[in-house]
1. Counting residues that are among the basic types (Lys, Arg), which helices (runs of 4 or more DSSP H) fully inside the range B:44-151 reach at least 1?
2. Could you please find all residues in the range A:137-156 being touching a residue at least 12 places away in the same chain (Cβ under 8 Å) and either more than 12 Å from every other protein chain (Cβ to nearest Cβ) or not in a helix (DSSP H, G or I) (or both)?
3. Any chance the range B:307-323 includes a residue that's without any contact (Cβ under 8 Å) to a residue 12 or more places away in the chain and either under 27 Å from B:ASN123 (Cα atoms) or in contact with a Cys (Cβ under 7 Å, 6 or more places away or on another chain) (or both)?
4. Among the residues of the range A:27-54, write down those that are under 19 Å from A:ILE279 (Cβ atoms) and hydrophobic (A, V, I, L, M, F, W, C).
5. Look at the range B:349-371 and say how many of its residues are surrounded by fewer than 17 Cβ atoms within 10 Å (Cβ to Cβ) and either in a helix (DSSP H, G or I) or facing chain A (nearest Cβ under 10 Å) (or both).
6. List the residue pairs whose Cβ atoms are under 6 Å apart, where the first residue sits in the range B:181-204 and is within 13 Å of chain A (Cβ to nearest Cβ), the second is of a type in the set (Phe, Trp, Tyr), and the two are 6 or more positions apart or on different chains.
7. May I ask you to list pairs of residues, at least six apart or on different chains, whose Cβ atoms are under 8 Å apart, with the first in the range B:82-104 being more than 11 Å from chain A (Cβ to nearest Cβ) and closer than 15 Å to A:ASN261 by Cα and the second being assigned to a loop (DSSP other than H, G, I, E, B) and open to solvent by 20 Å² or more (accessible area, probe 1.4 Å)?
8. Between A:ARG291, A:ARG245, which is open to solvent by 20 Å² or more (accessible area, probe 1.4 Å), more than 19 Å from A:LEU153 (Cα to Cα) and among the charged types (D, E, K, R)?
Amino acid sequence: MQSNERAINREAWFGIAPAVLLLAAVQGYPILRGIYLSFTNTSLLSPNRSTFVGLRNFTALFNLDSFQITMVKTLVYATGSVIGAVVLGLAAALVMNGAFPGRRLVRAMILVPWATPQVAVALVFVWIFNADYGVLNYALSSIGLIDGGVLWLNDPDLAMGSVLLVTIWKIFPFSALVLLAALQSVPASLEEAARIDGARGFAVLTEITLPGIRRTILVLVLFLSIWSLRRFELIWLLTQGGPVRATNTLVVDLYRQGFVNAHLGRAAAIGVVGFLASILITIVYYYVEQRSARRAGEA
Amino acid sequence: MSFRKFPYAAAIGLGIAGLLGPEWAAAQSASPVTIEFAAWQFTEKGRGEKLNALVDKFMQGHPDIKIEKVAVPYPQFEQTIFTQAGQGAGPDVFLLGDDAFPKAVNAGFFEPLGELMDLPSLNLTSVNEDAVIDGKQYGLVWGANTYNLIYNKELLSSIGAKVPASYEEFLDVAKRLQEKGVFAFAFRTTSAETAGMWYDVSNWVYGAGGRWAKDGQPEFDGPQVVEGVDRLANIYKSGYVPKGADAATYRRMFWEGKVAMFIDNLSLPGIIAAGNPDMRDKIGVARNPFQSGDHASLTTFIGINANSKNKKAAAEFMSYLFSQEGQLALYELLGGVSVGTKLDLSNNPLGGNAPWLGEMEAAIEAQRAVSTVPEGLAQKASELRTVMSEALEQVLFNGTSAQDAMKKAQEQAKAIAAE
């Protein structure tokens, strides 16, 4: 029995070996190389000449006030975009899950932001947000909500909100699709039974539907969080991390250090911090997942 | 293929080659050498077409050299070149601004030109000496550009104003233009264009008599520097400028008659006239409205990549660019900006197409050009640029006083300079 199991294990290892080797080459090596760079003073101008500097890049980073601001901004951006995308995605999924005329058209249309290239989205929103000629200011002043040009991308108090708005608009269709698939796996009979027992719409949602798709939401939150830490193009094209670092997330800081200031070592140190943050999020996810699995088992 | 069949295959191959004839064989042996030439002007309307035509003309006269045009937009140009050249690759011939050039030479990206080109025969201007490092000529001047006041003659005469010659006159004209419902002035007021912000604010700082650095020591909190930043902030806060505008936006607004004045490099009049021919006779160029008489300059150099495998062909292309024919074409392409050689302009290729030329030359004569590269800190220019841009953002968007913002910027600049 044991030797049979060993043979199966060996076969399994052979089966997954190509994938493991591929991942080691295209993921593992760059990660290790990045970690190594973070302990050196490598410059973009001469990446093959570097000196080991120990923890100097990390101590320099954490001694900077601006890096602490960057960490806070990253947290705000990641939290805001994940909550926004999940809530809006859930609302869209609930709508799309219902039966109504034109449902197929709505499902197709809701995907448009997800399918639009990020560069195009950023350029369009730069125009929408333009203080003097943007359609947003025009619309808001037409109905008397604002007086004069609001600097959506250049006011430090508004820039993060504006960037979050664009991000959520861009990514919520992904949440909607994932959650729609999950909603369709919730047995309709459970919801019907709840309604027969007198439960109303919101109660059905919170007591039956949401618990039914809880695991999907958790996975979705995990992915969206990690992607938020890595999102670059939208923020860079909209604000380049400004004004006054108001939208300066980790990855924007990494790009500036690496490709504007040519300090690859420092950029790699920021990358390592981001990598550790991703691992932390994953650990939290597994902890929550395990706990809920245990609770489900007890129940 | 089995070894026995090999002679038959070889015979068939030779037979086909014989049928194709000697011309085919000659063409194969004389296939052109390919070199890459990177310039941001390829991406620009007006200048892009002219640069394409110039390169095509070279290839017509040199069938043994094929040039692949590498078009990278200006905001990404420096980073793209640094990334590629740092890896031992990159285009064979490329441009770089004077703020990035010393860094690139220091990193070994440029090949000395002395042994590749007959430099003494080129009739080079003295500005080319800026590209001599440790006695070696690493690049040649592509264009020596300066920043001057570009204005809409029609808008200024509509309020009965003459071109402002001082900051006080500028404020007066700006107020009257605002009353007419026109933006008096424009500069980059978006954090998405920090590199360009540096050039904009440099003119105001130099106009007030300030300098970014002296003998390798930053002077970001010098009184004249603070005054220049404060003046620019005052213009912004008074509502004389379109807020949140990038360069492309305000330049378009200028050619649509919505902005009356801006300070920019002297390639702009030609670009604007190409975008809107109706503007051609309305464009005026004058010295900046500041007493000091100092204005910012931006010299662009062209050189040969030290990693190039075809340096000889690259040098041949460079020699063509610095011939009288190539230089006249460049002069026209750059809209009358000084090129790298002393040109005979008896047959000015711009002719009547650039009615602003006379004013432009007078403006250049009346001012002293000062590089935007902090003196003695060329290797740190990009980091200092980031510090300055953030300080300007603090003043414009956060209400911080110019004094406080520049004091903090000075601390950061000193730390960078000391690294």
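The values are calculated or read from the model by the stated rules, or taken from the named source; none is laboratory data. Just so it is clear, the model here is predicted, and its values are computed rather than measured. Backbone-built Cβ (ideal geometry, glycine too); neighbour counts: all protein chains shown. Keep in mind that these areas ignore ligands, DNA and RNA; they rest on the heavy atoms of the full protein, side chains included. Shrake-Rupley method; radii C 1.70, N 1.55, O 1.52, S 1.80 Å.
1. The qualifying helices (runs of 4 or more DSSP H) are B:47-61, B:101-106.
2. A:GLY149, A:VAL150, A:LEU151, A:TRP152, A:LEU153, A:ASN154, A:ASP155, A:PRO156
3. yes
4. Going through the range A:27-54, the residues under 19 Å from A:ILE279 (Cβ atoms) turn out to be A:27-39.
Hits for the range A:27-54 are A:ILE31, A:LEU32, A:ILE35, A:LEU37, A:PHE39.
5. 8
6. The qualifying pairs are B:ALA186/B:TYR250; B:ALA186/B:PHE262.
7. B:ASP99/B:VAL373; B:PHE101/B:TYR138; B:PRO102/B:VAL373
8. Step by step, each of A:ARG291, A:ARG245 is checked, and only A:ARG291 is open to solvent by 20 Å² or more (accessible area, probe 1.4 Å), more than 19 Å from A:LEU153 (Cα to Cα) and among the charged types (D, E, K, R).
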